[in-house]
Ligand SMILES: Nc1ncnc2c1ncn2[C@@H]1O[C@H](COP(=O)(O)OP(=O)(O)OP(=O)(O)O)[C@@H](O)[C@H]1O
Ligand SMILES: [Mg+2]
C-alpha cells in the first residue's frame, strides 16, 4: 500500500482485509495439498480433517464480505482503495471455491480406494496438484506484492495445467475401457483431476483480479484456452 | 513547458496560460483547460489550491478584488472575455455564479430572485416575472419552504436556505455557463440531492462548472473532472477515469484521503 491515509483507522480496516485473505489463502493451500495426500495415501483421517476445515473458509469469506460492505459504506473508497476492496471480495470467493474443491476431493477418498490405483495415474494426479498449488502460492504472493507481472505470468502458465489434465483424462478413459471394474474409481479420480484443474482456474481468476487491483486495467482478454477434453473421444486400446 | 490539452469538441470555455496574482501571491500558475458545453465539469483539490480563484476568472469576478491580476486568455464561445469591449455585467448574466458563502442581497426573497431578470430585461410583465421567480425557486428546491413568505428578507433564511436562494438567483437569468462554488456545503442530504438533480437537468442546456470538496458528489454529477493543486491543474479528464484510475499521484492521494 502507498502512503498512509489521513484517517489511520481506514488503513487498519484495509490491512485487516489483506490479512484475512492471506489467512484464507493459507487454509485453501493446505486443504488442497492435504486432500491430494489423503487421496494418494488413502488417509481417511486426513480427508476428514480437510472436510471439516472447509467451514473456516466459508466463515472467512462471509466476514470479508461484511467488512468490505462496511468499509464501502463508511469510507466511500475511491480509485486504488475501491479496487482493493472489490478485489478482496472477488478473491475471497475464489478462495472459498478452492476450499470447496479441496473438500470435494477429500470426500472421494473412500470411493477411490475400492480399487488399487496404477502408480502412473496417481503420479499424474500428484503432478497436476503440484502445479495447481504452485499457481495458488504464487498468486497469493502476487496479491501480497500487488505485482501485475507475476499475475500475468501465472495466467499464462494455466495452459500447462490444462494440458496435463487433458492427458490424465485420456489415461483414465483408457483404464476404464480396459476393465469396467475400474469405472467407479476412475470416475472419482476424473472428478478429482477436474477439481484440481478448476483450482488452477481460480488461481487464474485471482491473477486477473490482482492485475486489475494493481493497474486499474483489465488483463487483455486473449486468455489461454480452457481444457481440451471436450474434444477427446474414447478409442479402444486395441485401435 | 506544460503540454496543452487537445481542444475538446464543442468547448464552451477555453482557458490558455492563465495566471492569477494576489499582489505577490501567484495563486494560479499557467492553467490550460477546455470546458465542454452541455456538460458538468468538477474542480477538485485541497483547500487553498485556487479552485475559487480560477472559477472567478471565468466571469471576471476577480476584477472586483483589489490587488488581483489576471493574465492569459479566456474565451467563451471563442470570444476573449477580457477584451476591453466586453461589459462585465453582461458577461455575468451569461456566466452565472453561486458563491462558496451564501450572499443574499438585503432584499426580499422575491427580489433576490427577480433582480437579475429585471435588470437584464428578460421578462415583460409582472406575471412573467412571477413565473420566473417561482420556477427558479422550484428548481433550487426552495419553493415549498418560502412560497408563503416571499416578501420576507432573504437574509432571514437559514444557511442552507440562503444557499438555495442564491442558486435560484443564479439560474433565474438562464445563464449559459453556471459556476457553482461548493453549492451544497451547507445543505442537508435531501436538499443536496435536489440540487444534484437540478445540476443534471441544467446540463442538457448549459455548461456547469462545480467546485466541490465531496469526491462522491464530483463523481456523481460531473462528466469531467479537473484536479487543482497549488495553483496548477495536475490532471484533467473523464470523471469515471479520474475516480477509478487517475494517472497523477497527487490526484490518487487526494481522492483516496491520503493528503497530509
Ligand atoms: N481575495 C483574496 N485576496 C488575496 N488572496 C486570496 C484571495 N482569495 C484567495 N486568495 C489566495 O489564493 C489562493 C487560492 O485561494 P482559493 O480561494 O482560490 O482556493 P480554493 O481552492 O477555492 O480553496 P477552498 O477549497 O478552501 O475554497 C490562496 O493562497 C488564497 O490565500
Ligand atoms: Mg474556494
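A short reminder: the numbers here are calculations on the coordinates, not readings from a lab. Keep in mind it's a predicted model, so treat the numbers as computed, not measured. Note that we place each Cβ from the backbone using ideal geometry, even for glycine, and neighbour counts take in every protein chain shown.
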If each DSSP helix of 4+ residues adds -39,500 (n - 2.57) and the sum is divided by the residues in chain B, what number results at 222 nm, nearest 500 deg cm²/dmol?
-10000 deg cm²/dmol
In this structure, the FRET efficiency calculated for residue A:130 and residue A:65 from their beta-carbon separation, with R0 = 30 Å, to the nearest 0.05, is 0.45
Two pseudo-spin positions, 7 Å from Cα along C-beta at residue A:76 and at residue A:52, lie apart in nanometres by 4.8
In units of 2.2 N^0.38 Å, what is the alpha-carbon radius of gyration of the stretch B:75-145?
1.30
Can you give the Rg and Dmax of the stretch B:56-204 based on its C-alpha atoms, in angstrom?
15.6, 48
Peptide A:5-13, shielding by other chains (average Cβ, 10 Å cutoff)
2
Cα-derived Rg to Rh of the stretch B:1-111, Kirkwood definition
0.97
The stretch A:158-225 - convex hull of the alpha-carbon atoms, volume per residue in Å³
63
Between 0 and 90 degrees, rounded to the nearest ten: what's the tilt of helix B:159-171 against the longest Cα principal axis of chain B?
90
To test your reading of the geometry: what angle, between 0 and 90 degrees and rounded to tens, separates the Cα axis of helix A:119-145 from the longest principal axis of chain A?
10
With every atom except the alpha carbons ignored, what do you get for Rg and Dmax of chain B, in angstroms?
18.2, 58
Distribution of pairwise C-alpha distances over the stretch B:29-87, 5 Å bins, in %
4, 14, 26, 28, 19, 8, 2, 0
To the nearest 10 degrees, how steeply does helix A:79-107 sit against the main Cα axis of chain A, on a 0 to 90 scale?
20
Averaged across the residues of B:249-259, what count of C-beta atoms belonging to other chains lies within 10 Å of each residue's C-beta?
6
Please compute the average number of Cβ atoms from other chains found within 10 Å of each residue's Cβ in peptide A:80-88.
2
Return the distance in nm (one decimal) between the two label points of a simple spin-label model at residue A:149 and residue A:90, each offset 7 Å from Cα along Cα→Cβ.
2.2
Contact order normalised by length for chain A, with contacts defined as Cα pairs under 8 Å and 6 or more residues apart; what percent is it?
25
At a temperature of 20 °C and a viscosity of 1.002 mPa s, determine how fast chain A diffuses translationally according to Stokes-Einstein, using the Kirkwood radius over alpha-carbon pairs as Rh; express D in µm²/s, rounded to the nearest whole number.
113
Of B:228, B:243, B:99, the one that fluctuates the most in a GNM where chain B has Cα springs shorter than 10 Å
B:243
Label-point gap, in nm, between residue B:63 and residue B:144 - each point 7 angstrom along Cα→Cβ:
4.1
Using alpha carbon coordinates only, what is the Rg to Rh ratio of the stretch B:103-181, with Rh defined as the Kirkwood radius?
0.93
According to the Cα gyration tensor, what semi-axes, each the square root of 5 times an eigenvalue, does the equivalent ellipsoid of the stretch A:1-135 have, listed from largest to smallest in whole Å?
38, 14, 10
Theoretical ellipticity at 222 nm over chain A - DSSP helices of four or more residues, -39500 (n - 2.57) apiece, nearest 500:
-28500 deg cm²/dmol
Name the most mobile residue of A:102, A:28, A:216, meaning the one with the largest mean-square fluctuation, in a Gaussian network model of chain A with Cα contacts below 10 Å.
A:216
Using alpha carbon coordinates only, what is the Rg to Rh ratio of the protein assembly as shown, with Rh defined as the Kirkwood radius?
1.19
Starting from the eigenvalues of the Cα gyration tensor, five times each then square-rooted, give me the equivalent ellipsoid semi-axes of the stretch B:152-260, largest first, whole Å.
28, 16, 12
